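The structure appears below as structure tokens.
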Amino acid sequence: MTQSTKKSATPPPATQAKDPDTSILADMPITEHLIELRRHLIHIFVAVLVIFLALVGFARPIYDAFSAPLVSLLPANATMIATDITSSFIAPVKLTLYVAIILSMPYILYQIWSFVAPGLYKHEKRIALPVLLSSVVLFYTGIAFAYYVVLKSVLAFFIKFSPDNVLPMTD
């Protein structure tokens with residue numbers, strides 16, 4: 001066998017099934033993969049930060065909206081209390097951060113997908129796209145179900161079963 005026939009041999013089956021544009025990524029060293037991962041994580045962080053900064057001015061109304069089911073179920077003399085000096089500031093800001101993460105979830109999943117997709121075969125990519133889209137829909141549906149259906153019944157259950165001599169006051 002000559003040197004020229006060795007070079008014209010077909011590549012192994014694993015690289016044949018992958019997309020032609022991903023064969024370059026397969027040859028990348030681990031440091032380049034880590035640099036690519038860092039780039040995607042920075043994009044995720046910036047997206048969450050931008051949404052958080054847009055919402056932080058509305059931290060108090062967001063907190064009031066999310067705490068309304070609990071406040072409506074508290075007994076007449078009960079109120080929400082702050083058990084720490086900073087909790088009246090930190091709780092709304094932390095909730096706003098969680099809301100920013102929830103709102104940026106489609107972009108976060110897209111960034112994860114764009115990092116993982118080059119390493120997948122074509123048949124895996126065809127399966128992953130419907131899974132990705134349905135996961136976003138199911139994620140938001142689950143949040144809505146938990147807030148509108150489960151939360152009130154769970155809070156009512158806990159307040160109902162508190163002892164008579166204990167006034168429920170939540171933090």
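Direction-averaged projected area, Cα convex hull, region 91-130: 3.2 nm², rounded to one decimal. Solvent-accessible area of region 30-171 (1.4 angstrom probe, protein heavy atoms only): carbon and sulfur portion equals 75 percent. The separation of region 30-51 from region 148-171, counted between C-alpha centres, amounts to 41 Å.
Averaged over its residues, region 77-171 has an accessible area of 69 Å² per residue, based on protein heavy atoms and a 1.4 Å probe.
Net length available on complete extension from residue 90 to residue 138 is 14.3 nm, with 0.36 nm assigned per residue and the Cα-Cα distance removed. With the highest mean first, a sort of the peptides 37-45, 103-111, 136-144 on other beta-carbon atoms found within 10 angstrom per residue produces 103-111, 37-45, 136-144. Phi angles of region 101-111 translate, via the Karplus equation with coefficients 6.51, -1.76, 1.60 and θ = phi - 60°, into HN-Hα couplings of 5, 5, 5, 8, 4, x, 5, 4, 5, 5, 5 Hz per residue; Gly and Pro are given as x. When the convex hull of its Cα atoms is viewed from all sides, region 20-146 shows a mean projected area of 11.0 nm². What the phi angles of region 45-55 give under the Karplus curve with 6.51, -1.76 and 1.60, with θ = phi - 60°, is a coupling list of 4, 5, 4, 5, 5, 5, 5, 4, 5, 6, 9 Hz, glycine and proline written as x.
The values are calculated or read from the model by the stated rules, or taken from the named source; none is laboratory data. Keep in mind it's a predicted model, so treat the numbers as computed, not measured. Heads up, the Cβs are rebuilt from the backbone with ideal geometry, glycines too, and the neighbour counts pull from every protein chain shown. When the accessible area is computed, the model is the full protein with side chains, heavy atoms only, and any ligands, DNA or RNA have been set aside. Shrake-Rupley method; radii C 1.70, N 1.55, O 1.52, S 1.80 Å.
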